[in-house]
Amino acid sequence: MLRALLLTLSVVAIAHAELCKPDAQNAFKVRISIKTALGDNAYAWDANEEYLFKAMVAFAMRRYSSKRTTQISNVLLCNVTDRVSFWFVVTDSSKNVTTVPGNEVEAAIRMNRNRINNAFLLSDKTLQFLKITSTLSPPVEPSTPVWLIVFGVVLCLIVAGIVFLIVSGIQKHKKKNKDSTERENLEEKVEVTLENGIPCEALDLKPGHINGVFAADDERFTSL
Amino acid sequence: LSAAPEMPTEDGRPKWDNKFQYILSCIGFAVGLGNVWRFPYLCQIHGGGAFLIPYFIALLFEGIPLLHLELALGQYLRKGSIGAWNTISPYLGGVGVGSWMVSILVSLYYNTVLTWVMWYFINSFQEPLPWSVCPLNENRTGFNEECYESTAVNYFWYRKTLNITPDIAESGKLQWWLILCLAACWLIVYLCTIRGIETTGKAIYVTAIFPYLVLTIFLIQGLTLPGATEGLIYLFTPNLNTLKNPRVWLDAATQIFFSLSLAFGGLIAFASYNPTKNDCEKDAVTVAIVNSMTSLYASIPVFSVLGFKATTAYWDCLDRNIINIINEFDLPEESIMRQNYTSWISFLNSSYPEKIAGLKLKSCDLQEFLDQSVSGTGLAFIVFTQAIILMPGSQAWAILFFIMLFSLGLSSMFGNIEGVFTPLLELQIIPKSAPKELISGIICLISFLIALSFTLGSGSYWIDIFDRYAGSVPLLVIAFFEVIGVVYIYKIKRFSKDVEWMTGRKLNLYWQITWKFISPLLLLIVFMAFVTLQMQKTPSYTAWNPKYEGFPMKEEKVYPPWVQAVCVLLAALPCVCVPLVALFHLVKRKRRSKDPSFVPPEVFSCQGANS
């Protein structure tokens, strides 16, 4: 009896060892970086965490294909290193000593990646399933690009400034015209305006005469 | 006979509200983008602190004398560049026309650089910053390929901003977002220059002072960043051996010359609005020294940030290697830290050399990261934006940085536009009754329409061409003729008397010597060396080509012949104005002297009552 039990156990153990080893068929390597993700709040990777991992994988397999009844004992872990990294396979209890095909496992993990990550407080980068690519989330794009809004604001300010300056320029010009016509009317009536002590009428305000003394106009130009 | 001309006090010419506005405008014109993104780069590649020696020698013998000459000229003759040179001698009118043309060409492309700054500014309000993440590809399995192979920052600059074509011959399409920003920029320029110095004088208070505030903020923040001290030590450690290379002296001379914005005609225009009895000598020395001090002051935060970026890149390199090793050997996390990395590497290399070799680890060298020197748009839009992502509160830093760049560029634009505007007002092409607002509006509109060509896919290649050919050689030629014209044609004795009349004291011997001999000689040498260096290799450019084998390295290409012709045209056109106008006047005089019924024209035109 005992011998039979030992025999079955050893067969199972050998079978498991055959199924789960590095680079085995349908086996996946997992790499976990707890310290990078959590820093001081890092937990230690022990047998309990391994149990949780097996549970999550079983959960993922169950959710993926409803006809499967994957148990925690179907998930085999091996070659756990200090890194922390290990290999795992999912065995099929209905068929003896075989593993679930890799693409099914991959699809199951992909579908439930978020739940698995959150169970361990990790992310896609710190809980890596080598060979299983993750779908990247697109960056959030608002309906109107932000830069267009800022540009609109800047443009409104500039146009407002230009309109203000042009309008004030026109107003100043009108006021200057009005003032000068008023001044002209005033001058005619009231007083004789003086320029340097000489009444304006006496001055000849035409633009310039040629002074005969300065006949040598060559001196105006520098000699070459 | 050189009597002081009767200068009427009220000649209707606009004037500065106060002296401070004038000084600030000159400083704003001189202090531009080059102080931030060219001077630190030159310091870095030419032996750090040692570069300051040729720089200050060039400032003393080339920068300050030429600056004083221009300011004194404008102030005395009270005319823009074309009018001033016509007054000195009609044969030298070409110098003014050349300045005017260079101002036009530079205004066109300079505002497009400001367009890029504005585009980055309005994109800085997003969270996360758009140049920090790569967009996804079509089936969302990974990142966009072009972005993934280079970096997110490069992708945003070359693809999302410029949408650059792989070759200058391919023009691509007009980029509508750049057109919007270009329109906004020209509207801002119009707003500030709408009534000439009346409006720029008010705007300059903000645009000239604000960059100093931001530089101080960046200085304080930059010094607190990790790795800042490495950057600063690297920058300022003098390496006196570099002074043996004549290239260093040439770069110092050209940097001083272009940094002070000489020969554009803008400084002459600014000074022409001054009262004549103004101490232009003190002004010139002030402006030149403030400009150089600003360059030095700006290089401190720039290098703190570059040191921070290099240190972060070095740490990233180390971390990547560490992760690779840990994953390969399944070692526990945090067993290898940055500090004991080298000891671990040597241990593992001795025990498992094949495994280590198989990992293909990159060698991480901090010096190598510090050596990556960039200048110009690469510094602002690629290197600095990458550093800003790494800082906490990146939106605020990005916004501050781009507003600072925009103010720096805008105050230089004022000088350029003034160099175009003032001579136009004096040329008597435009009727006096036309309001200033209309003239400045037309100038801005025409410039906007021409500058639309820079918003094409190949636009940035063309801007490089304009920068290299229109904004370099012609200026040297014009400055040379400026000095020769004043010293030998107007005669230095006469000019000294004029300056004496303005400043109220005798001209120092230093000015006489530099104006007569040193500055023209220096300019000639610099011009020859510059042209020789340009001619030594066929003009080429680096293109961003995603299909290139060496991508993300840029592809080195040669300009096609028609582009080379345009380059020569850009460089030659302003220079050729000088002899052309002289020739024109010579022919006119010869024809007049042959005509016996020639009556000398009215040379004296009084502007008002002569007291």
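For the range B:546-567, which positions are of a type outside the set (Asp, Glu), in contact (Cβ under 8 Å) with a residue 40 or more places away in the chain and surrounded by 13 or more Cβ atoms within 10 Å (Cβ to Cβ)?
Residues of the range B:546-567 of a type outside the set (Asp, Glu): B:546-548, B:550-554, B:557-567.
When the remaining residues are screened for being in contact (Cβ under 8 Å) with a residue 40 or more places away in the chain, the result is B:546-548, B:551-552, B:557, B:559-560, B:563, B:566-567.
If the condition is that a residue be of a type outside the set (Asp, Glu), in contact (Cβ under 8 Å) with a residue 40 or more places away in the chain and surrounded by 13 or more Cβ atoms within 10 Å (Cβ to Cβ), then B:Pro546, B:Tyr548, B:Phe551, B:Pro552, B:Lys557, B:Tyr559, B:Val563, B:Val566, B:Cys567 are the ones that fit.
With respect to the numbered conditions (1) farther than 11 Å from B:Ala271 by Cα; (2) of a type in the set (D, E, K, R); (3) buried (at least 24 other Cβ atoms within 10 Å of the Cβ), which one is the sole condition not fulfilled by B:Glu70?
Of everything listed in (1) farther than 11 Å from B:Ala271 by Cα; (2) of a type in the set (D, E, K, R); (3) buried (at least 24 other Cβ atoms within 10 Å of the Cβ), B:Glu70 misses just condition (1).
Before we move on, is B:Ala184 at the interface with another protein chain (Cβ under 9 Å from one of its Cβ atoms) and touching a residue at least 40 places away in the same chain (Cβ under 8 Å)?
Against the criterion (at the interface with another protein chain (Cβ under 9 Å from one of its Cβ atoms) and touching a residue at least 40 places away in the same chain (Cβ under 8 Å)), B:Ala184 qualifies.
Name the residue, out of B:Ile430, B:Ile403, that is at pLDDT below 90 and either more than 22 Å from B:Ser261 (Cα to Cα) or not aromatic (Phe, Trp, Tyr) (or both).
B:Ile430
For the range B:76-122, which positions are touching a His at 6+ places or on another chain (Cβ under 6 Å) and of a type in the set (Gly, Ala, Ser)?
So in the range B:76-122, the residues touching a His at 6+ places or on another chain (Cβ under 6 Å) come out as B:90-91.
Result: no residue meets the conditions.
B:Ala529: small (Gly, Ala, Ser) and more than 30 Å from B:Ile489 (Cβ to Cβ), yes or no?
no
Can you name every residue in the range B:221-243 that is under 25 Å from the mean Cα position of the chain (by Cα) and aliphatic (A, V, I, L, M)?
Residues satisfying the conditions are B:Leu232, B:Leu235, B:Leu243.
Does the range B:445-456 contain at least one residue that is surrounded by fewer than 16 Cβ atoms within 10 Å (Cβ to Cβ), outside any helix (DSSP H, G or I) and among the β-branched types (Val, Ile, Thr)?
Looking for residues that are surrounded by fewer than 16 Cβ atoms within 10 Å (Cβ to Cβ), outside any helix (DSSP H, G or I) and among the β-branched types (Val, Ile, Thr), one finds none in the range B:445-456, hence no.
Looking at (1) outside any helix (DSSP H, G or I); (2) crowded, with 23+ Cβ neighbours inside 10 Å, which is the only condition B:Ala434 fails?
So the condition that B:Ala434 fails would be (2).
Restricting attention to the range B:318-336, and to residues there that are in contact with a helix residue (DSSP H, G or I) (Cβ under 8 Å, 6 or more places away or on another chain) and of a type in the set (A, V, I, L, M, F, W, C), which single residue is nearest to the other protein chains (Cβ to nearest Cβ)?
Only one residue fits best here, namely B:Leu331.
So B:Met293 fits all but one of (1) away from chain A (no Cβ under 14 Å); (2) part of a loop (DSSP other than H, G, I, E, B); (3) of a type in the set (A, V, I, L, M); (4) without any contact (Cβ under 8 Å) to a residue 60 or more places away in the chain; what number is the exception?
(2)
Of everything in the range B:105-137, what is out of contact with any Ser or Thr (no Cβ under 8 Å at 6 or more places or on another chain) and either assigned to a helix (DSSP H, G or I) or more than 10 Å from chain A (Cβ to nearest Cβ) (or both)? Give them in sequence order.
Within the range B:105-137, B:Leu105, B:Val106, B:Tyr109, B:Leu114, B:Val117, B:Met118, B:Phe121, B:Ile122, B:Asn123 qualify.
Considering only the range A:105-122, I want to know if a residue exists there that is over 25 Å from the mean Cα position of the chain (by Cα) and of a type in the set (Val, Ile, Thr).
Yes: the range A:105-122 contains one or more residues that are over 25 Å from the mean Cα position of the chain (by Cα) and of a type in the set (Val, Ile, Thr).
So, in the range B:199-216, exactly how many residues are among the hydrophobic types (A, V, I, L, M, F, W, C), more than 14 Å from chain A (Cβ to nearest Cβ) and out of contact with any Cys (no Cβ under 9 Å at 6 or more places or on another chain)?
Of the residues in that region, 6 qualify.
Considering the range B:35-54 alone, what residues qualify as being aliphatic (A, V, I, L, M) and buried (at least 24 other Cβ atoms within 10 Å of the Cβ)? Outline the logic, then answer.
Here is the first cut: in the range B:35-54, the ones aliphatic (A, V, I, L, M) are B:36, B:42, B:45, B:50, B:52-53.
Hit for the range B:35-54 is B:Val36, nothing else.
Tell me, please, whether a residue that is surrounded by 13 or more Cβ atoms within 10 Å (Cβ to Cβ) and acidic (Asp, Glu) can be found in the range B:332-350.
yes
Give all pairs with beta carbons closer than 9 Å in which a residue from the range B:481-498 that is away from chain A (no Cβ under 13 Å) and farther than 18 Å from B:Tyr510 by Cβ meets a residue that is in a helix (DSSP H, G or I) and among the charged types (D, E, K, R); count only pairs at least 6 apart in sequence or on separate chains.
B:Glu482/B:Glu70
Could you list, in sequence order, the residues of the range B:500-530 that are surrounded by fewer than 21 Cβ atoms within 10 Å (Cβ to Cβ) and of a type in the set (Val, Ile, Thr)?
Selection gives B:Thr503, B:Ile513, B:Ile518, B:Ile525.
Taking the range A:99-124 only, how many residues are in contact (Cβ under 8 Å) with a residue 24 or more places away in the chain and not aliphatic (A, V, I, L, M)?
Number satisfying all stated conditions: 10.
Conditions: (1) within 11 Å of chain A (Cβ to nearest Cβ); (2) closer than 27 Å to A:Gly161 by Cβ. B:Gly142 meets all but one. Number of the miss?
(2)
The values are calculated or read from the model by the stated rules, or taken from the named source; none is laboratory data. Not measured: the values here are computed from a predicted model. Every residue, glycine as well, gets a Cβ built from its backbone with ideal geometry; the counts of neighbours run over all protein chains shown.
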